[in-house]
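Colleague: Below is one structure. I have some questions about it.
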Amino acid sequence: MAVCACNFYSDASRMGACVRESDGTKMTGEDASAVLDMAIYLGGVFHIAEWIRSTILLVIVLVGVNLMQIWYVTAINALYGIAIFIYIMVVVGSEKGKSCAASQPTRYRWLEVEIIYFWILFWIYQVPFMITFLYKKERLHEIMNAESEEEED
């Protein structure tokens, strides 16, 4: 996702003229590019930070280095991500954003894909927490401390 954000930030269509339907105002060059630039840029920063967090988690799991404190501190990136995706939705839904949909189709489509991925994955990632909340604390304790078949032998 970070690589895609870099690709679409500098896409060839970024200078395509954006025309507002309401008043016919035309934006060209850097002004047209700026409409979607910040949303793509901030989304890319989020994905790079999440890539770093994933790398830290892999080091913790596979190498066994205790970097959990860093992992917990970087969890603030989740709040940043939610704020960024709200911003991306605002840009895509705004009049300026929609005016660039025809002239910058790949960049606009990328932001739409970001929104779709966010909403689908957001709910999928919540399922383990939802299941956990269905159980009482005592039952969860029993499940977590139950001996497996391998331990019994």
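Any read-out appearing in this document is the output of simple, stated calculations on the displayed coordinates, not a laboratory observation. Since this is a predicted model, take the numbers as computed values, not measurements. Reconstructed Cβ throughout: ideal geometry from the backbone, glycine too, with neighbour counts over all protein chains shown.
Colleague: Out of the residues in region 12-44 that are aliphatic (A, V, I, L, M) and free of Cβ contacts under 8 Å to residues at least 12 places away in the same chain, state the one that is nearest to residue 110 (Cα to Cα). Explain how you work it out, then say what you get.
Modeller: In the first step, residues of region 12-44 are kept if they are aliphatic (A, V, I, L, M); the result is 12, 15, 17, 19, 27, 32, 34-36, 38-40, 42.
Next, only the ones that are free of Cβ contacts under 8 Å to residues at least 12 places away in the same chain stay: 12, 34.
Values: 12: 14, 34: 15 Å.
Out of the qualifying residues, it is 12.
Colleague: If we scan region 135-151, do we find a residue that is closer than 22 Å to residue 46 by Cα and either among the charged types (D, E, K, R) or surrounded by 13 or more Cβ atoms within 10 Å (Cβ to Cβ) (or both)? It would help to see each step written out before you state the result.
Modeller: To start, the set of residues in region 135-151 that are closer than 22 Å to residue 46 by Cα comprises none.
No.
Colleague: If you scan region 105-123, which residues turn out to be under 12 Å from residue 92 (Cβ atoms) and touching a helix residue (DSSP H, G or I) at 6+ places or on another chain (Cβ under 9 Å)?
Modeller: Of region 105-123, the ones under 12 Å from residue 92 (Cβ atoms) are 107-116, 118.
Residues satisfying the conditions are 107, 108, 109, 110, 111, 112, 113, 114, 115, 118.
Colleague: Shifting gears a bit: Can you tell me which of (1) loosely packed, with under 14 Cβ neighbours inside 10 Å; (2) in contact with a Ser or Thr (Cβ under 9 Å, 6 or more places away or on another chain); (3) not in a loop (DSSP other than H, G, I, E, B) is the one residue 21 doesn't meet?
Modeller: Status for residue 21: all satisfied but (3).
Colleague: Right, something else. Give me the pairs, please: first residue somewhere in region 49-71 and farther than 19 Å from residue 3 by Cβ, second residue anywhere and exposed (fewer than 10 other Cβ atoms within 10 Å of the Cβ) and of a type in the set (Asp, Glu), beta-carbon distance under 8 Å, and either six or more positions apart or on two chains.
Modeller: Nothing qualifies.
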